[in-house]
Amino acid sequence: MKNSVKNIEELDEYLVHIKEFYTRESIKKERIKQELKENSKKLKVLIKDIDILEKVNILLQKTSEYAREQSKKQIEKLVTNCLKYIFESDIEFKIEIEELYGKPNAEFYVISKYEDETIETKPELSRGGGVIDIISLALRIAFLQIHKPNVEGPIILDEPAKHVSQDYIFNVANFLKEISEMFNRQIIMVTHNVHLASISPNSYRVELKGSESIVSTMEP
């Protein structure tokens, strides 16, 4: 009899324990279900945000490519016009852009046409240093003009067209004068070339006498 009572008491205790365990696990289950529901909502929001970000990224890439292509065309046109004006020949400037290690890389080329023959070379291999000087000059002006936001102020040049033949130096001088008027920019230039100095309404000669620099005004 005693053993029966003891067994019943143990069974009751076990049942109580089971009920408590069931209650705790039920609470955990409901909490997990609630967390799953909330996380499901968050996941939907994240998926939607990722979709939007991917579309924005594609849009930015397309916009960047378009802006890059427009800038490329503007630069090619300005440098080509500059080369044609100065060297008085059928010469063009070309930019090729390709992806290199995940970043855009630009290569510059000069295209010269002789009757039915077209020659494409790197600037440093085309007609010596004179072409490089003019391309460098034109690129500086082009980048300055297309930069956003606008860059105000003068164009400062140190020995521009240093390697350009004297046959074309008058064209360089006229080009700089027209650039100054076209873009309404003052040009401040250091040069040893008398022809380039002569285009300015205000020119100054700096001469070294002993250890002293003597500055004098040049007549236009």
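Observations
Every residue, every condition in (1) without any contact (Cβ under 8 Å) to a residue 12 or more places away in the chain; (2) assigned to a loop (DSSP other than H, G, I, E, B); (3) surrounded by 10 or more Cβ atoms within 10 Å (Cβ to Cβ), yes or no:
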residue: A173; (1), (2), (3): no, no, yes
residue: I188; (1), (2), (3): no, no, yes
residue: S200; (1), (2), (3): no, yes, yes
residue: R205; (1), (2), (3): no, no, yes
residue: T217; (1), (2), (3): no, no, no
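Every residue, every condition in (1) surrounded by 11 or more Cβ atoms within 10 Å (Cβ to Cβ); (2) touching a helix residue (DSSP H, G or I) at 6+ places or on another chain (Cβ under 6 Å), yes or no:
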{"residue": "I91", "(1), (2)": "yes, yes"}
{"residue": "K103", "(1), (2)": "no, no"}
{"residue": "I111", "(1), (2)": "yes, no"}
{"residue": "Y114", "(1), (2)": "no, no"}
{"residue": "I146", "(1), (2)": "yes, yes"}
{"residue": "I155", "(1), (2)": "yes, no"}
{"residue": "A161", "(1), (2)": "yes, yes"}
{"residue": "Y168", "(1), (2)": "yes, yes"}
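- Region 180-217, residues that are among the basic types (K, R) and in contact with a helix residue (DSSP H, G or I) (Cβ under 9 Å, 6 or more places away or on another chain): R185, R205
- Subset of region 116-135 [surrounded by fewer than 17 Cβ atoms within 10 Å (Cβ to Cβ), without any contact (Cβ under 8 Å) to a residue 24 or more places away in the chain and either among the hydroxyl-bearing types (S, T, Y) or in a helix (DSSP H, G or I) (or both)]: T118, T121, E124, L125
- Region 61-74, residues that are in contact (Cβ under 8 Å) with a residue 60 or more places away in the chain and within 13 Å of the chain's Cα centre (by Cα): S71
- S89 vs. criteria assigned to a helix (DSSP H, G or I) and of a type in the set (S, T, N, Q): no
- The condition of being of a type in the set (D, E) and within 21 Å of S71 (Cβ to Cβ) holds for only one of E99, E124, E117, that being E99.
- For region 65-83, residues that are surrounded by 15 or more Cβ atoms within 10 Å (Cβ to Cβ) and closer than 19 Å to V164 by Cα total 5.
- S71 touching a helix residue (DSSP H, G or I) at 6+ places or on another chain (Cβ under 6 Å) and polar (S, T, N, Q): yes
Values quoted throughout were computed directly from the atomic coordinates according to the rules given, and no laboratory measurement underlies them. Note that the structure is a prediction, hence the values are computed from the model and not measured. All Cβ positions, even for glycine, are placed from backbone atoms using ideal geometry, and neighbour counts span all protein chains on display.
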